[in-house]
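Chemist: Would you mind keeping the following structure in view while I ask a few things?
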Amino acid sequence: MEPYGDSLARTRREWLKRLLLGGAAVPLLLRHALAAAQRPGGMVKINGEVLINGRAARIGAMVMPGDHVVTAPGGTAVFVVGQDAFLLRGNSELLTSGSNVLIASLRLVTGKLLSVFGRGQRRIATPTATIGIRGTGIYLEVEADRTYACTCYGVAELEASNMPSARETVRTSHHDAPRYIHAQGDMPIKMIEVAPVINHTDVELIMLEALVGRVPPFVGSGMEYKY
């Protein structure tokens, strides 16, 4: 039987080849990230200052469950851990936990994170929210008194940290139910409110999924956003 790591790397290479054969039709962001991604995992794109456990990151550096990733203002990190892929924007701090190369939970202390996940359940915490996810693409922004959460596709169980009775399960196929999860509110329904789609794109989701040999469910559906 082919080892899991070799099989995953081969699948990624096949996807990279297909996408890169698209030539000029493939956006520059996607082409650059994919061209750098022909390895089993770790950092595939770095802009500005990025630290892993307090040390300067480099292309190819592995990120493992238990690691602490920080980006400076203006920095960006794109990295793969097992079957999950991440785009951490500038001025962000992310804590990971799990075992081997499987992430079980994340804590976004501050900043902005776009993530895509393979099979299985994951848990994400922010200062104002706890989010359980299954097979999901999700975008998060941490603000002083609220968390922005767009479940780009998949299932997410949202809970306000300061009011556990304020809960909502969202099932989406294409950015259908963005939410703000607040630190304070008079009633449970006010702790979680409808939000717009902001600050993330389908191109970024396609890029992240391609890094782990997958394609987002909306591709080919005619529903791709053009913002």
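Every number in this text was worked out from the coordinates using simple rules, so none of it is lab data. Note that this is a predicted model, so its numbers are computed, not measured. Cβ placement follows ideal geometry from the backbone for every residue including glycine, while neighbour counts extend to all protein chains displayed.
Chemist: List residues of region 144-159, by number, whose backbone nitrogen lies under 17 Å from a label position 7 Å along Cα→C-beta of Arg171.
Modeler: The answer is 151-158.
Chemist: Rg(Cα) of region 95-227 divided by 2.2 N^0.38 Å?
Modeler: With N residues counted in region 95-227, Rg over 2.2 N^0.38 Å equals 1.02.
Chemist: Calculate, in nm to one decimal, what Arg107 and Asn162 gain on full extension: separation in residues at 0.36 nm each, minus their alpha carbon distance.
Modeler: 18.2 nm
Chemist: What's the Kirkwood radius of region 68-161 in Å, using all Cα pairs?
Modeler: This gives a value of 13.0 Å.
Chemist: Here's a follow-up. If N is the number of residues in region 121-194, what value comes out of its Cα radius of gyration divided by 2.2 N^0.38 Å? Write out the running numbers ahead of the final one.
Modeler: Details: Rg = 11.0 Å, N = 74, 2.2 N^0.38 = 11.3 Å.
In units of the 2.2 N^0.38 Å rule of thumb, it is 0.97.
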